[in-house]
1. Quick check for me: using +1 on Lys/Arg Cβ and -1 on Asp/Glu Cβ, what's the dipole size of the chain about its Cα centre, in debye to the nearest 20?
2. Show which lysines lie in cross-link reach of LYS298 when reach means a straight Cα distance below 29 angstrom and same-chain residues fewer than eight apart are skipped.
3. Looking at the chain as a GNM with Cα springs under 10 Å, which of LYS191, LYS133, LYS268 has the largest mean-square fluctuation?
4. Can you work out ³J(HN,Hα) from phi for every residue in region 75-86, in order, using Karplus 6.51 cos²θ - 1.76 cosθ + 1.60 and θ = phi - 60°, giving whole Hz and x for Gly and Pro?
5. Please report, ordered by residue number, every helix of the chain (full DSSP H runs) that is 18 Å or longer along its axis going by C-alpha atoms and whose mean Kyte-Doolittle hydropathy reaches -1.0.
6. Provide the per-residue ³J(HN,Hα) series for region 156-168, in order, calculated from phi with Karplus coefficients 6.51, -1.76, 1.60 and θ = phi - 60°, each as a whole number of Hz, with x at glycine and proline positions.
7. Relative contact order (percent) for the chain, with alpha-carbon contacts under 8 angstrom and 6 or more residues of separation?
8. Filter LYS40/LYS98; LYS21/LYS177; LYS8/LYS113 down to the pairs with a C-alpha to C-alpha distance above 24 Å, please.
Amino acid sequence: MDQAGNQKKLDASGKINLDLKMLSPYLQKIAGPQITITGKGDNPFKLKMVSGRTRWTDALKQTDFNGAIRADSIDAFGLGISATEVPLRVANETAIAKLSATANGGQLNLEPKIDLKQEPYMLSLPPESTILKDVEITDAIAENLMSKIHPVFQGSVQAEGRVDLYMQHFNWALDKKDRDKTAFAGSLRLKGVRIKSTNLLSGLMALIGIRGNEMDFGDLDIDFVARNGRIETSPIRLEIDGYPITLHGSVGFDKSLDYIAKIPITPKLVGDKAYTYLEGATIDVPIRGHSSNPDIDKGSVQQSSTSLAEQALQKSLQKGVQNVLEQLLKK
């Protein structure tokens, strides 16, 4: 170790036995509290580092590291990741790791890169990457990962099925003040997915009087694009108790909702008589609020269903008058 003014220069090599619990707080600064990592193991390394900076990014800029760490367990966004060696390379203001392991009975392939050459600093993934393949869905993965992309999975119970996660591109701003510059796009590919009722769907079913609490997504692709602090998803169509429901909109990084649900007219909404003339009709319902507590615009539902019921009544009266005229003409 050499002293140069206020800075200390470290040049080291050998074997490192790092307790990975120490890294969890730093990883959580980047990825959030849904990630923990443990492990110890002797691994050869080479390190050159300059101290004396205030921000961790400044220290990383002046670090040259080549080695690997032994991860005994990684729990990230509901994924239980098997023990693995994680190669690490830090050089030229860039940090790259490579993680390939079994996760929830499927495969995880992740190659994150942090580029500190210019601000805002970004964490990126290689383009056209399949991050998850045939991963078993659990309540934890539905809650901590899938619901970040689509709020329909928030509050899932007894989730089952498998999922692939494909990323077309991914750039995540490391500093919260630059989070609106985050941009990514990809697809969730669901395979045989079935869940018990979620916060959003339970509210919709109660509103329109649909019984049951099990949703069968089957095989379904959900495309998503993130920009300006929000994740917009492609429309998805579900069928519950014979009634179709379509959802389309966006969820913010702050979990704020801006969704539209296209729901069917049911006897509960307009009454049995009006339903005779409105069967198959739909109305659009705005959904706002927070993904953990969706605010379904019941006033909009009431207004739309009342208007449709009035139209049905007019049709009923017109049909009644027409029948009377037809009877008179016959006579």
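What follows is calculated from the coordinates using simple rules that are stated; it is not laboratory data. Because the structure is predicted, anything quoted here is derived from the model rather than measured. Cβ coordinates were reconstructed from backbone atoms using ideal geometry, including for glycine residues, and neighbour counts include every protein chain displayed.
1. Working: 41 positive and 40 negative charges, 95 e Å.
Dipole of the chain, to the nearest 20 debye: 460 debye.
2. Counting by Cα, and skipping residues close in sequence, LYS298 has these lysines nearby: LYS148, LYS196, LYS255, LYS262, LYS268, LYS273, LYS315.
3. Largest GNM mean-square fluctuation: LYS268.
4. 10, 9, 6, x, 8, x, 9, 5, 4, 6, 8, 10
5. Details: long enough: 298-330 (47 Å, -0.52).
Sorted by number, the helices that extend far enough and score high enough are 298-330.
6. These are the phi-based 3J(HN,Hα) values: 4, 10, 6, 5, 8, x, 10, 9, 10, 10, 10, 10, 6 Hz.
7. Numbers: 757 pairs, mean separation 28.4, N = 331.
It rounds to 9 percent for the chain.
8. Working: LYS40/LYS98 18 Å; LYS21/LYS177 27 Å; LYS8/LYS113 27 Å.
Table pairs above 24 Å Cα-Cα are LYS21/LYS177; LYS8/LYS113.
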